[in-house]
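Following this message is one structure expressed as C-alpha cells.
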Amino acid sequence: MNPAQSTPAQNEPADNHSSVIDAVRTLLTSARKVLLTTHRNPDGDAMGSALGLSWLLRSQGLQTVVVVPTPVPANLLWMPGADDVVVYEEGKAVVTNDIDLVCVLDLNAVSRLAALGEELISSGRPIVNIDHHTHPEDFARLQWIDTSAAATAAMIVTLSRGLWPMTAEAATCLYAGILTDTGGFRFPRTTSALLRDVADLVDAGADPVRIYDEIYNQSSFGRTRLLGKALSTMELHAGGTICTMIVTQADLQHNGCSVDDTDGFVSNTLALEGVRVGILFVEIPGYSKTSFRSKGTMYVRDLAAEYGGGGHNYAAGARIPTTSFTETVQSVIKRAVEYVGDAG
Ligand SMILES: [Mn+2]
C-alpha cells in the first residue's frame, strides 16, 4: 500500500492547500499576459498542464504564450495548442514587454529549464510554480507544491474548480497529462478523487479513446524494434528484486531512434514478478540517461539523488556523467543492490 493511497483525504481538494491555491488564482487572474513553461524533454504532463492552463486562461480573456526549453515530442504534437508552442532558442528573448507573469509547471528546479531558466529569472517577472515533484527549489515568488497530486495536470483541474469553466481543449490536454503521469491510471496516486476529476474532463469533452490512440498507438516500427532489443537486455539482480534494461547509442542508431523513443520502456522492468526496482540506462554521448522506477515500500528518489537526479518516490531519473558507459552501468547496479539491501 503506498502512502498516498493510505490517506484518502490527500487527494481531496486539499484544505491545507486552499490558501496557496487562492493566491495562485489571484496572481493568474490579475495578469494580462502569462508565459507558461515546463521542463526540457517535456512529457505528457508537462505539455498537458501547460497547454491546459493556457487554454483555461485564454477562455477568461487573458493572453498566453507557452514556451518549452526543448522541442515537443512527436507523440504530443496532436495536443490542442501544440502548434503555437514556442521552442526556446538561446539568445532569442521570449519574455516580451507585455508579459507580466511567468508560470512554471511540472518542475521543481530551474536547471530543468536549461538556458530558458536564466532568462526567466533575470527578467524579474513574478514566477508562479505549480508542481508535484518532491524537494522543490525556492525560485518562485509563489510556489504551490502538492506531492500527493498524481499529475500537475490534476492540480490544474483543482485550480480551475469553481473558478473557470472547463473547455474541451483544456480538458483534452489535462486528461493527457493525467493519463501519462499515472501510466494509464495504474500508478500510485490513482485515487477515486482523481478518477472523479478525470470523469469531469471526459464530460467536458476529453475523448479517452482518441487521446490514448494519439499518445500510445503511434509507435514507429523502429521504436518497437528498439523496445524488443531493450527487452532482450533485461537482467535481474539482488535475488530478482532489481531489473535492469540497457539501450546503447548503437541500438538507437540502428533503429533510427532518438532518446525520446525510449520513453516508457522502463515500465517493463516492473512488470516482472518479484521486481521492486527497475532501472533503464540509455547511452547518450557523455552521460547515461538513467530512469529509476519502484513499487511497494521501495522508493527510488533518494537513489537517483545520489547521482544528482530527482523526481518522485516511485519514479525518478538522473543524467549520470560517463567516461565508460559500461562501467557506469555496472557501478550504478552495484549501488542499487546495496540500496535495496539497506531498505530490507
Ligand atoms: Mn508530472
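Name the lysines eligible as straight-distance cross-link partners of LYS295: C-alpha to C-alpha under 30 Å, and not fewer than 8 places from it in the same chain.
Counting by Cα, and skipping residues close in sequence, LYS295 has these lysines nearby: LYS229, LYS334.
Another question, then. One quarter of the convex hull surface, Cα atoms only: what value does that give for the chain in nm²?
Seen from a random direction, the Cα hull of the chain projects 16.9 nm² on average.
Report the one residue of LEU76, LEU231, PHE185 whose Cα lies farthest in the direction of the positive end of the charge dipole of the chain (charges on C-beta: Lys and Arg +1, Asp and Glu -1; origin at the Cα centre).
Looking along the dipole axis, the top candidate is LEU231.
Under 8 Å for C-alpha pairs, at least 6 residues apart: give me the relative contact order for the chain, rounded to a whole percent.
13
Also, I was wondering about something else. Near THR26, within a Cβ-to-Cβ distance under 15 Å, what is the net charge of the other residues, with Lys and Arg +1 and Asp and Glu -1?
With Lys, Arg at +1 and Asp, Glu at -1, the net is +1.
Peptides 301-314, 19-32, 182-195, 49-62: what's the order by average Cβ count within 10 Å, highest mean first?
Descending mean neighbour count gives 49-62, 301-314, 182-195, 19-32.
On full extension of the chain, what length is gained from ARG125 through VAL259, given 0.36 nm per residue of separation minus the C-alpha to C-alpha distance?
Length difference between fully extended and current span is 44.9 nm.
For the chain, give the magnitude of the charge dipole about the Cα centre (Cβ charges: +1 Lys/Arg, -1 Asp/Glu; no others), in debye to the nearest 20.
240
Taking the alpha-carbon distance from LYS289 and a cut-off under 13 Å, which aspartates and glutamates remain once sequence neighbours fewer than 8 residues away in the same chain are dropped?
Once the sequence-local aspartates and glutamates are set aside, what remains near LYS289 is ASP260, ASP261, ASP263.
A further question on this structure: Which of the lysines could a cross-linker span from LYS92 if the Cα-Cα distance has to be under 27 Å and same-chain partners fewer than 8 positions apart are dropped?
LYS33
Values in this text are rule-based calculations from the coordinates and carry no lab data. Since the structure is predicted, the reported quantities are computational estimates derived from the model, not experimental observations. Using ideal geometry, Cβ is built from the backbone for each residue, glycine included, and neighbour counts are taken over all protein chains shown.
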